[in-house]
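Coordinate-derived values only; no laboratory data. Just so you know, these numbers come straight off a predicted model, no measurement behind them. Backbone-built Cβ (ideal geometry, glycine too); neighbour counts: all protein chains shown.
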Amino acid sequence: MTTMRILVATFCVLIWIQFCRGEQFAVDGTVLVLDDSNFDSAISSFDHILVDFYAPWCGHCKRLSPELDAAAPVLATLKDPIVIAKVDADKHTSLAKKYDVDAYPTIMLFNHGVPTEYRGPRKAELLVRYLKKFAASDVAVLDSDTAVRSFVEEAGEFFPIFIGFGLDSSMIEKFGIKYKKNAWFSVAKDFSEDLMVLYDFDKVPALVSLNPKYNERSTFYGPFEDGFLEDFVKQNLIPLAVPISHDTLKLMKADGRKTVLAIVEDEDEERSKELVKLLKAAASANRDLIFSYIGVRQLEEFAEKFDIDTKLPKLVVWDKSDEYLSVVGFESIEEEDQATQISKFIEGYREGKTITKQISGPSFMRALHRSFDVRLVYILVGIVAVIMILQTFLVKGSDEYQRVPNQVQATTTQASSSVSEVENKEYKAGEKED
């Protein structure tokens, strides 16, 4: 009898332990379906998990879904697997609110439980290459020319690459940890002179920075104290001339340096590309400043904050606050000898020949469109529709009341137009689409 009681008690304890563990998840290459009941358990079960917050009616979400399905089995086979999951945020609104999901799809990458919004590529093959960064070691140790070449090739173009030649991994490990989200870090233990020629350095120790996306390379020969080393790393996380985007703005803000911003009509015009080359040359000579550019055609809503009614192109100095500086005598950059004008602009800035101006806010309608939640518009349209139905059944005969539905119909037309306009605004390409 006593034995039976012990067995029963043991069985109950095992069941209780299993219950406390919560739902068990398998890394089998399928996309997990999460909700309020199992979300926290899934996040705590994996070191790396990518969560797609979607809405069933969202077109971008429907296009993303098969890409995630294709990427999931590849990421599951990594030495340190990355799991993909999805949440119907339109249904599980508490989770959407908790993670500030205000547009669809919103993708969050949880590394050891810490969420970061994912803004990388969304095609399966590119998504896999991008995500491998977060499962990789902080600093890779490379022991041959082949290993170095393979590391650079597999790293791809999404992040800058730092390779320490003749450096101990401990010297850059802290930066590998601190800037893991922003760059690849490695040290090469054994390498040939051919590799030195390939990466254009002539002595060791040396830290080489590569930015394949912008075809940029830079070499640091010391001193290798933390302050100097980190300055070099921070400066090379950003290309010499930075195109304005959501991601680059975050990098620029974290960097702390002031920005020389060039505003042009169209980034893709040949004359704008020539100006960007001149900005890169100026950036090489003025590493205490960030040099950036933006086209009105590409991002008018941002560019108009800097008074684009004046002749373009123009230069301003901006510290990412609500103010910017205009240099006296250089409201605009003329077509002739732009290199000299850029040099004199920087000189005037350093001499304090500047005027402080306020950044212009967006128009009221644009602010309204940006702040409007699409679901709220749907609710408003639904309310109008209900009113119309009630009036159809309850109001008949009187000329005085015959005119009311027409007014409501006009309101409905306006509301429907607003829905279309807001949908186009909310889900425009560049915000949540590749």
Quick calc, LYS253 & GLU154: beta-carbon distance into FRET formula, R0 25 Å, rounding 0.05, result 0.25
Note: probe point = Cα of VAL114 + 7 Å toward Cβ; backbone nitrogen < 18 Å; residues of the range 120-137 passing the test are 131-137
With DSSP loop assignment and no more than 15 other C-beta atoms within 10 Å, the chymotrypsin sites (Phe, Trp or Tyr not before Pro) in the range 40-143 are TRP57
Calc'd 3J(HN,Hα), the range 226-240, phi into Karplus 6.51 cos²θ - 1.76 cosθ + 1.60 (θ = phi - 60°), Hz, glycine/Pro = x, comes to 3, x, 5, 5, 5, 4, 4, 4, 4, 5, 9, 6, 10, x, 4
Karplus-derived 3J(HN,Hα) from phi for the range 272-289 (6.51 cos²θ - 1.76 cosθ + 1.60, θ = phi - 60°), whole Hz, x at Gly and Pro, runs 5, 5, 5, 5, 4, 4, 5, 5, 4, 5, 5, 5, 4, 8, 9, 6, 7, 10
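Counting other C-beta atoms within 10 Å, and keeping those with at most 13, which DSSP coil trypsin sites (Lys or Arg not before Pro) do you find in the range 287-324? Intermediate results must be reported in sequence, preceding the final value.
Details: sites: ARG287, ARG297, LYS305, LYS311, LYS314, LYS320; in loops: ARG287, ARG297, LYS311, LYS320.
In loop regions of the range 287-324 (DSSP not H, G, I, E or B), the sparsely surrounded trypsin sites (Lys or Arg not before Pro) are LYS311.
If I stretch the segment between THR77 and ARG287 completely, what's the gain in nm (0.36 nm per residue apart, minus their alpha carbon distance), one decimal? All intermediate terms of the calculation are to be shown ahead of the outcome.
Working: separation 210, 0.36 × 210 = 75.60 nm, distance 4.21 nm.
Gain on extension, THR77 to ARG287, equals 71.4 nm.
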Residues whose built amide H sits under 5 Å from the amide H of ASP307, excluding neighbours closer than 5 in sequence, are SER360
